[in-house]
Amino acid sequence: MSSASPVTDTSFKDDVLESEVPVLVDFWAPWCGPCRMVAPVVEEIAEQYEGQIKVVKLNTDENPQVASQYGIRSIPTLMIFKGGQRVDMVVGAVPKTTLANTLEKYL
Amino acid sequence: MTTAKTGNQNQTLESMKNFAEQYAQRTGTYFCSDTSVTAVVLEGLAKHKDQLGCPLCPCRHYEDKEAEVKNTFWNCPCVPMRERRECHCLLFLTPDHPFAGKEQSIEMDYINQVRDSMK
């Protein structure tokens with residue numbers, strides 16, 4: 001489980017909201033260029049924090065319900081969930097350190 | 001899928017590519033150093049142009065795409081780009097942007113290659 005696994009409108013509650021560890025959700029879309037730059041960063045984070053957090057990705061085109069529920073506008077948006085609540089988010093293509101620093105607050 | 005449709009899609013893509021090259025030159029901006037980003041965004045813009053009649057930004061999530069097209073704010077080039085040269089899609093980057101490359105042009109062959117790699 002070292003890479004970001006896909007979640008959907010249907011699986012979001014089980015996979016994200018009811019997770020026992022904090023979850024990083026990568027909201028992405030196929031024709032979003034910067035999403036391509038963030039994907040490898042997210043993969044690295046998944047490896048670095050393996051066992052401490054869960055890392056998943058949600059295709060906003062195919063899963064508009066969750067994307068709308070959390071007010072996703074600009075993509076990529078990286079959102080952190082803890083105990084079923086959204087606790088933080090980072091918008092746009094960011095360096096790994098920015099993402100790691102944000103995550104560290106919730107471990 | 002018909003050949004006519006494929007032809008139209010390619011034409012739209014080519015017109016988006018031409019627009020982007022001219023707009024980059026006109027605004028003194030550059031394409032991303034990772035040119036696959038440029039290719040994917042151009043493809044996304046062309047798809048929206050074919051589907052909606054306008055090249056709506058592919059790096060946003062919308063509740064209602066038709067309404068957004070009418071609203072015009074996120075039709076490429078969007079208001080933040082026109083007013084402040086800000087493109088969160090990383091299509092048009094000012095030279096000081098960390099992801100800016102050196103190019104203001106891109107080959108059709110390369111765009112098609114990136115698209116094929118995504119299938």
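Being of a type outside the set (A, V, I, L, M, F, W, C) and not in a helix (DSSP H, G or I) is the filter; apply it to the stretch B:24-33 and report the residue that is surrounded by the fewest Cβ atoms within 10 Å (Cβ to Cβ). Full working, then the answer.
At the first step, the residues of the stretch B:24-33 found to be of a type outside the set (A, V, I, L, M, F, W, C) are B:25-30, B:33.
This time we only want the ones that are not in a helix (DSSP H, G or I), so: B:28-30, B:33.
Working: B:G28: 11, B:T29: 21, B:Y30: 20, B:S33: 17.
Among residues in the stretch B:24-33 that are of a type outside the set (A, V, I, L, M, F, W, C) and not in a helix (DSSP H, G or I), the one surrounded by the fewest Cβ atoms within 10 Å (Cβ to Cβ) is B:G28.
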Out of the residues in the stretch A:3-19 that are assigned to a loop (DSSP other than H, G, I, E, B) and crowded, with 20+ Cβ neighbours inside 10 Å, state the one that is nearest to the other protein chains (Cβ to nearest Cβ).
-> A:V7
For residues that are among the basic types (K, R) and away from chain B (no Cβ under 11 Å), scanning just the stretch A:57-104, find the one that is nearest to A:W31 (Cα to Cα).
-> A:K57
Here are some conditions: (1) touching a residue at least 60 places away in the same chain (Cβ under 8 Å); (2) within 30 Å of B:T38 (Cβ to Cβ). A:K82 meets all but one. Which one does it not meet?
-> (2)
Kindly check whether there is at least one residue in the stretch B:72-85 that is in contact (Cβ under 8 Å) with a residue 60 or more places away in the chain and charged (D, E, K, R).
-> no
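Quick one: would you say A:Q52 is of a type in the set (S, T, N, Q) and either in contact (Cβ under 8 Å) with a residue 40 or more places away in the chain or within 23 Å of B:K65 (Cα to Cα) (or both)? Steps first, answer last, please.
Numbers: of a type in the set (S, T, N, Q): yes; either in contact (Cβ under 8 Å) with a residue 40 or more places away in the chain or within 23 Å of B:K65 (Cα to Cα) (or both): yes.
Yes; evaluated as a whole, the condition is true for this residue.
If I ask for residues that are more than 10 Å from every other protein chain (Cβ to nearest Cβ) and touching a Leu at 6+ places or on another chain (Cβ under 9 Å), which ones from the stretch A:29-43 would you list?
So in the stretch A:29-43, the residues more than 10 Å from every other protein chain (Cβ to nearest Cβ) come out as A:38-43.
Result: A:V38, A:V41, A:V42.
Rule-based calculations on the coordinates, nothing more; no lab input. In this text the structure is predicted, and so the values were computed from the model without any measurement. In this analysis, Cβ positions are derived from the backbone assuming ideal geometry, glycine residues included, and neighbour counts consider all displayed protein chains.
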